[in-house]
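Below is one structure, written out as C-alpha coordinates; the observations come after it.
The values are calculated or read from the model by the stated rules, or taken from the named source; none is laboratory data. Small disclaimer: the values here were computed from a predicted structure and weren't measured. Neighbour counts run over all protein chains shown; Cβ positions are idealised from the backbone, glycine included. Heads up: the accessible areas ignore ligands, DNA and RNA and are worked out on the full protein's heavy atoms, side chains in. Shrake-Rupley method; radii C 1.70, N 1.55, O 1.52, S 1.80 Å.
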Amino acid sequence: MQKAGNNYLLAVGKLVGSQVKAEGKDRERTTDIFTPYPRTYEYTVMITLPEGYTPDAESLEQLRVNASNDCGRFVSEATMYSNTLKLTVNKCFERSYEPVANWGKLLEIIDAGNEFSEKVVVLRK
(Lines give C-alpha, C1' and ligand atoms only; values in the text may rest on other atoms or scores of the structure.)
Protein backbone atom coordinates (compact mmCIF):
# COMPACT_ATOMS: atom_id res chain seq x y z
CA MET A 1 0.00 0.00 0.00
CA GLN A 2 1.34 3.42 -0.94
CA LYS A 3 0.37 6.77 0.51
CA ALA A 4 -0.93 9.30 -2.06
CA GLY A 5 -1.73 12.55 -0.27
CA ASN A 6 -4.61 11.77 2.10
CA ASN A 7 -5.37 8.57 0.17
CA TYR A 8 -3.78 5.16 -0.24
CA LEU A 9 -3.10 3.15 -3.40
CA LEU A 10 -3.59 -0.59 -2.96
CA ALA A 11 -2.11 -2.80 -5.72
CA VAL A 12 -4.76 -5.53 -5.44
CA GLY A 13 -3.87 -7.11 -8.77
CA LYS A 14 -0.54 -8.23 -7.30
CA LEU A 15 -2.32 -10.12 -4.50
CA VAL A 16 -3.26 -13.03 -6.78
CA GLY A 17 0.31 -13.59 -7.97
CA SER A 18 2.10 -12.90 -11.20
CA GLN A 19 0.39 -13.55 -14.50
CA VAL A 20 1.77 -14.71 -17.84
CA LYS A 21 2.51 -11.84 -20.22
CA ALA A 22 2.51 -12.41 -23.99
CA GLU A 23 4.45 -9.73 -25.85
CA GLY A 24 6.08 -9.38 -29.25
CA LYS A 25 6.78 -12.72 -30.91
CA ASP A 26 5.08 -14.55 -28.03
CA ARG A 27 1.77 -13.28 -29.44
CA GLU A 28 2.35 -15.17 -32.70
CA ARG A 29 1.85 -18.92 -32.84
CA THR A 30 2.01 -21.48 -35.64
CA THR A 31 1.64 -24.74 -33.69
CA ASP A 32 -1.15 -26.23 -31.63
CA ILE A 33 -1.21 -25.72 -27.84
CA PHE A 34 -0.53 -28.69 -25.56
CA THR A 35 -0.55 -28.47 -21.76
CA PRO A 36 -0.41 -31.31 -19.23
CA TYR A 37 -4.04 -30.91 -18.14
CA PRO A 38 -6.98 -28.47 -17.97
CA ARG A 39 -6.63 -26.19 -14.97
CA THR A 40 -8.49 -23.72 -12.82
CA TYR A 41 -7.04 -21.19 -10.41
CA GLU A 42 -9.34 -19.67 -7.79
CA TYR A 43 -8.43 -16.92 -5.37
CA THR A 44 -10.38 -15.25 -2.60
CA VAL A 45 -8.70 -12.30 -0.90
CA MET A 46 -10.22 -10.44 2.04
CA ILE A 47 -8.72 -7.02 2.78
CA THR A 48 -9.66 -5.09 5.89
CA LEU A 49 -9.46 -1.41 4.99
CA PRO A 50 -7.95 1.17 7.33
CA GLU A 51 -10.43 2.98 9.58
CA GLY A 52 -12.12 5.87 7.76
CA TYR A 53 -11.10 4.79 4.23
CA THR A 54 -13.36 3.60 1.43
CA PRO A 55 -12.50 2.40 -2.07
CA ASP A 56 -13.02 4.80 -4.93
CA ALA A 57 -16.09 3.59 -6.88
CA GLU A 58 -14.34 3.77 -10.26
CA SER A 59 -11.29 1.80 -9.13
CA LEU A 60 -13.57 -0.78 -7.49
CA GLU A 61 -15.55 -1.14 -10.72
CA GLN A 62 -12.38 -1.85 -12.73
CA LEU A 63 -11.86 -4.98 -10.61
CA ARG A 64 -14.96 -6.53 -12.18
CA VAL A 65 -13.60 -8.42 -15.20
CA ASN A 66 -15.28 -11.06 -17.36
CA ALA A 67 -13.20 -12.46 -20.22
CA SER A 68 -14.87 -15.74 -21.14
CA ASN A 69 -14.93 -17.90 -24.25
CA ASP A 70 -15.06 -21.62 -25.09
CA CYS A 71 -11.31 -22.03 -24.26
CA GLY A 72 -11.58 -20.68 -20.73
CA ARG A 73 -12.15 -17.58 -18.65
CA PHE A 74 -10.72 -14.90 -16.42
CA VAL A 75 -13.44 -13.57 -14.11
CA SER A 76 -13.02 -11.31 -11.10
CA GLU A 77 -15.45 -9.70 -8.69
CA ALA A 78 -14.97 -7.12 -5.95
CA THR A 79 -17.50 -6.57 -3.18
CA MET A 80 -17.50 -4.55 0.02
CA TYR A 81 -18.69 -5.87 3.38
CA SER A 82 -18.53 -3.13 5.99
CA ASN A 83 -14.82 -2.18 5.97
CA THR A 84 -13.66 -5.36 4.19
CA LEU A 85 -12.98 -5.66 0.47
CA LYS A 86 -13.57 -9.17 -0.87
CA LEU A 87 -11.84 -9.99 -4.13
CA THR A 88 -12.59 -13.24 -5.97
CA VAL A 89 -10.72 -14.34 -9.09
CA ASN A 90 -11.29 -17.39 -11.27
CA LYS A 91 -8.90 -18.23 -14.11
CA CYS A 92 -9.62 -21.39 -16.09
CA PHE A 93 -8.24 -23.13 -19.15
CA GLU A 94 -10.87 -25.68 -20.24
CA ARG A 95 -8.73 -28.19 -22.17
CA SER A 96 -5.18 -29.49 -22.33
CA TYR A 97 -5.18 -29.24 -26.13
CA GLU A 98 -6.21 -26.30 -28.28
CA PRO A 99 -5.68 -25.98 -32.03
CA VAL A 100 -3.55 -23.03 -33.11
CA ALA A 101 -6.75 -21.44 -34.48
CA ASN A 102 -7.81 -20.86 -30.83
CA TRP A 103 -4.63 -19.01 -29.86
CA GLY A 104 -6.45 -15.66 -30.10
CA LYS A 105 -9.06 -16.89 -27.62
CA LEU A 106 -6.37 -18.03 -25.20
CA LEU A 107 -4.66 -14.64 -25.57
CA GLU A 108 -7.90 -12.96 -24.47
CA ILE A 109 -7.72 -14.87 -21.18
CA ILE A 110 -3.98 -14.35 -20.77
CA ASP A 111 -4.31 -10.61 -21.50
CA ALA A 112 -7.20 -10.23 -19.05
CA GLY A 113 -5.11 -11.82 -16.29
CA ASN A 114 -2.11 -9.66 -17.10
CA GLU A 115 -4.20 -6.46 -17.17
CA PHE A 116 -5.78 -7.43 -13.87
CA SER A 117 -2.36 -7.83 -12.26
CA GLU A 118 -1.79 -4.08 -12.82
CA LYS A 119 -5.03 -2.97 -11.12
CA VAL A 120 -4.83 -0.51 -8.23
CA VAL A 121 -7.62 0.54 -5.87
CA VAL A 122 -7.68 4.09 -4.55
CA LEU A 123 -8.70 4.23 -0.88
CA ARG A 124 -10.14 7.65 -0.08
CA LYS A 125 -10.32 9.21 3.38
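Assigning unit charges at the beta carbon (Lys, Arg +1; Asp, Glu -1) and nothing else, what dipole magnitude in debye, to the nearest 20, does the stretch 74-125 show about its Cα centre?
360
Taking +1 at the Cβ of each Lys and Arg and -1 at the Cβ of each Asp and Glu, which of Leu49, Leu107, Val65 sits farthest along the dipole of the chain towards its positive end, judged by Cα position relative to the Cα centre?
Leu49
What is the percent carbon and sulfur in the accessible area of the chain, measuring with a 1.4 Å probe over the protein chains and ignoring ligands?
Taking all protein chains in place, the chain shows 50 percent carbon and sulfur surface.
So, in nm, how far is label Met1 from label Leu107 when the simple model puts each one 7 Å beyond its Cα toward the Cβ?
3.9
Calculate, for Leu9 and Asp70, the FRET efficiency according to 1/(1 + (r/R0)^6) with r their C-beta to C-beta distance and R0 35 Å; round to the nearest 0.05.
The pair Leu9/Asp70 has a calculated efficiency of 0.45.
Once you place label points 7 Å from the Cα toward the Cβ at Phe34 and Glu118, how far apart are they in nm?
3.4
Determine the principal axes of the Cα atoms in the stretch 57-102, then give the extent along each, sorted from largest to smallest and rounded to whole angstroms.
For the stretch 57-102, the Cα spread along each principal axis is 46, 18, 10 Å.
Could you count how many Lys pairs in the chain have their Cα atoms under 24 Å apart, skipping same-chain pairs fewer than 8 positions apart?
Qualifying lysine pairs in the chain: 19.
Which residue, Lys91, Lys14, Lys25, has the most motion in a Gaussian network model of the chain that connects Cα atoms within less than 10 Å?
Most flexible of the set in this elastic network: Lys25.
Suppose every Lys and Arg Cβ carries +1 and every Asp and Glu Cβ carries -1, with no other charges. What dipole size does the chain come out with about its Cα centre, to the nearest 20 debye?
300
Per DSSP helix of 4 or more residues, -39500 (n - 2.57); summed, then divided by the residues of the chain. What does that give at 222 nm, rounded to the nearest 500?
Computed mean residue ellipticity for the chain: -4500 deg cm²/dmol.
For the chain, what value does the Rg/Rh ratio take when both radii are computed over Cα atoms and Rh is the Kirkwood radius, given to two decimals?
With Rg and the Kirkwood Rh in hand, the quotient comes to 1.06.
Tally Lys/Arg at +1 and Asp/Glu at -1 over every other residue whose Cβ is under 13 Å from the Cβ of Leu60; what's the total?
Neighbour charge sum, excluding Leu60 itself: 0.
Taking only protein heavy atoms into account and a 1.4 Å probe, give the accessible area per residue of the stretch 1-103 in Å².
63
Could you work out how far helix 103-116 tilts from the main Cα principal axis of the chain, as a 0 to 90 degree angle to the nearest 10?
Helix 103-116 sits roughly 20 degrees off the main axis of the chain.
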